[in-house]
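The values are calculated or read from the model by the stated rules, or taken from the named source; none is laboratory data. All values reported here derive from a predicted model rather than from experimental measurement. So basically every Cβ, Gly included, is an ideal-geometry build from the backbone, and we count neighbours across all protein chains shown. The protein model used for the area step is the full one, side chains on, heavy atoms only, and it has no ligands, DNA or RNA in it. Shrake-Rupley method; radii C 1.70, N 1.55, O 1.52, S 1.80 Å.
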Amino acid sequence: MQSNVEKILQEQKNVKVIDASIDYKDYVTLDLSATHTDQISLNLTDAAIFEDFIENHLSNNKAKVAFGGYKETRNLYKRSTVFKNDIADERNIHIGLDLWVKAGTAVLAALDGKIHSFQHNAALGDYGPTIILEHTIKQLKFHTLYGHLSEGSLVEKKVGQTIQKGELIAELGAPPINGDYAPHLHFQIIIDMEGKTGDYPGVCNEKMLSFYNSNCPDPNLLLKIV
């Protein structure tokens, strides 16, 4: 199943999930790995400081969007109880792709599909407002998740609602509504939703990485940013 979905993702062309007027040549990579953020002593607990860091990175690179993070091990989640409990190891491996850009930026449907589910995941460090779309291509079903949206993005949405590729489905949220992060889109591909609605893990621990590696293919197979 994974290889078949990955092939379908690679076959798709001209896919954008934020503001279609921003060319991929205006994107720059961003390293938020634990090793790097520790080295530069970046304060990850203050959304305003974090946003200034993103803005400086964009300015220094003459870019409009910063991206990265798939399978990146991060310290970003240590402040939140969402990513740790007494049973499982701490979750710190990011299994989506982050696109860092200003709040209010248009969020677009990656492909034709329908709304699978949506909800406001309101805990500190969580997704905030979230939309999940369901897609079927060549009789294979998979999903795309859009996290850290504005509250208004969930208004008048309906489960089963038909969505067209490139359609405006949301806007990026600002902290604290977006989980209290610097504004960005968490974009994730999910093959099997495992019965979940409105939410799906975007961060895992080392023990579960093999499963999520299979169930959540690299979003850049679809976006083709680089």
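Annotations for the structure displayed:
- Neighbours by Cβ (under 7 Å, 6+ apart or cross-chain): first from the range 1-29, free of Cβ contacts under 8 Å to residues at least 40 places away in the same chain; second part of a loop (DSSP other than H, G, I, E, B) and polar (S, T, N, Q): 28/61
- Selection from the range 29-63 of residues that are acidic (Asp, Glu), within 19 Å of the chain's Cα centre (by Cα) and assigned to a helix (DSSP H, G or I): 51, 55
- Checked against (1) over 17 Å from residue 181 (Cα atoms); (2) in contact with a helix residue (DSSP H, G or I) (Cβ under 6 Å, 6 or more places away or on another chain); (3) assigned to a loop (DSSP other than H, G, I, E, B), residue 157 passes all but condition (2).
- All positions within the range 97-119 that are open to solvent by 40 Å² or more (accessible area, probe 1.4 Å) and of a type in the set (A, V, I, L, M, F, W, C): 103, 118
- Filter result for residue 148 (buried (at least 17 other Cβ atoms within 10 Å of the Cβ), without any contact (Cβ under 8 Å) to a residue 40 or more places away in the chain and under 24 Å from residue 66 (Cβ atoms)): yes
- Residue check: residue 13 meets all listed conditions (1) of a type outside the set (A, V, I, L, M); (2) closer than 22 Å to residue 167 by Cα; (3) in a helix (DSSP H, G or I) but one, namely (3).
- If only residues of the range 1-22 that are surrounded by fewer than 14 Cβ atoms within 10 Å (Cβ to Cβ) and modelled with pLDDT of 95 or more are counted, the one that is nearest to the chain's Cα centre (by Cα) is 20.
- Filter result for residue 89 (buried (at least 23 other Cβ atoms within 10 Å of the Cβ), out of contact with any Ser or Thr (no Cβ under 7 Å at 6 or more places or on another chain) and closer than 23 Å to residue 34 by Cβ): no
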